[in-house]
1. For the chain, set up a Gaussian network in which alpha carbons nearer than 10 Å are linked by springs, and say which option among Val203, Val64, Val42 fluctuates the most.
2. Out of Pro141, Val89, Val64, whose Cα points farthest toward the positive end of the dipole of the chain (charges: +1 Lys, Arg; -1 Asp, Glu; placed on Cβ)?
3. Normalized C-alpha radius of gyration of the chain, against 2.2 N^0.38 Å?
4. Quick check: from the Cα gyration tensor, does the range 67-112 come out rounded (a/c under 1.5), prolate or oblate?
5. Going 7 Å from the Cα of Phe121 along its beta-carbon direction, which residues of the range 130-151 have the amide nitrogen within less than 13 Å of the resulting point?
6. Specify which residue in the list Thr51, Tyr32, Ile19 is farthest towards the positive end of the charge dipole of the range 1-55, using unit charges on the beta carbon of Lys, Arg (+1) and Asp, Glu (-1), about the Cα centre.
7. Magnitude of the Cβ-charge dipole of the range 153-245, K/R +1 and D/E -1, about the Cα centre, nearest 20 debye?
8. Note down the magnitude of the dipole of the chain about its Cα centre, charges +1 on Lys and Arg C-beta and -1 on Asp and Glu C-beta and zero elsewhere, to the nearest 20 debye.
Amino acid sequence: MGKTAFSVVIPAHNEEKYIGRCLRAVISASKYVRPDIVEIIVVANRCTDKTCAIAKRYGARVLVNNDKCIAAVRNTGIRAARGNIIVTVDADSLMTKYSLAEIRDKLESGKYIGGGTNPKFDRMSVGIACSSVYVLLKLLPVMIKNGGYLSGAMFWFYKRDFNAVNGFNESLISLEDMDFAVRLKKHGKKRGKKYGTLKRSYVLTSARKFDEFGDWYLIKERKLTKRIFTGKDRAAADSFYYDVR
């Protein structure tokens with residue numbers, strides 16, 4: 001591949017409703033980094049719908065991983081990636097059009113080890129807003145311990161640094177994203193680089209979890225939320241993530 005080559009990795013479990021929009025957003029963002037090369041990888045996880053067919057129609061490489069572990073699904077795509085810059089975004093999320101260009105500029109500046117992206121929900125309510133604050137408060141001790149806010153949603157980094165931190169932790173059933181952000185930031189600190197957050201770009205993500213469970217669910221079901229936040233509770237993760245659809 002060329003000097004600057006992106007691999008955009010998209011985990012997908014029965015995402016026929018969303019995957020087309022996600023891929024169109026990536027293709028749109030690709031126009032702003034030409035002549036750089038953008039590879040799209042969809043990692044199909046236990047798909048029984050038209051996800052794979054739609055992904056192939058848009059020119060994506062389709063890989064399969066059937067683990068009930070999002071860390072393993074992400075790792076499958078990233079390890080197979082041909083690009084030197086990795087971006088991983090969920091199938092129900094849309095990157096904005098300048099995302100890849102901003103990521104390239106930040107990484108090539110030499111100041112950043114990588115980082116994350118701020119999300120915006122495709123709909124908002126009082127319940128969703130309060131739930132978002134509640135989740136941030138639950139994560140606050142980890143953030144304080146690690147020197148401040150750590151964005152997630154859509155991660156971006158060089159593949160060599162993914163390899164250096166041994167990828168996403170497959171022993172975690174949930175909260176693998178926060179764990180990865182913490183380890184990537186520590187790795188960057190050793191190399192004199194910062195963990196960054198995109199400023200111009202963001203991720204528009206679906207509010208489907210709130211549609212499925214209710215806008216106040218995370219607050220009403222605080223015991224379940226606490227179990228999810230251990231990262232190790234299989235039953236809790238299955239009930240909220242892996243066995244929903």
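1. Of Val203, Val64, Val42, the most mobile in the Gaussian network model is Val64.
2. Result: Pro141.
3. Output field value: 0.96.
4. The shape class here is oblate.
5. Backbone N within reach: 130-136.
6. Selected residue: Tyr32.
7. Computed about the Cα centre, the dipole is about 780 debye.
8. 800 debye
A short reminder: the numbers here are calculations on the coordinates, not readings from a lab. Because the structure is a prediction, the values reported are computed rather than measured. In this analysis, Cβ positions are derived from the backbone assuming ideal geometry, glycine residues included, and neighbour counts consider all displayed protein chains.
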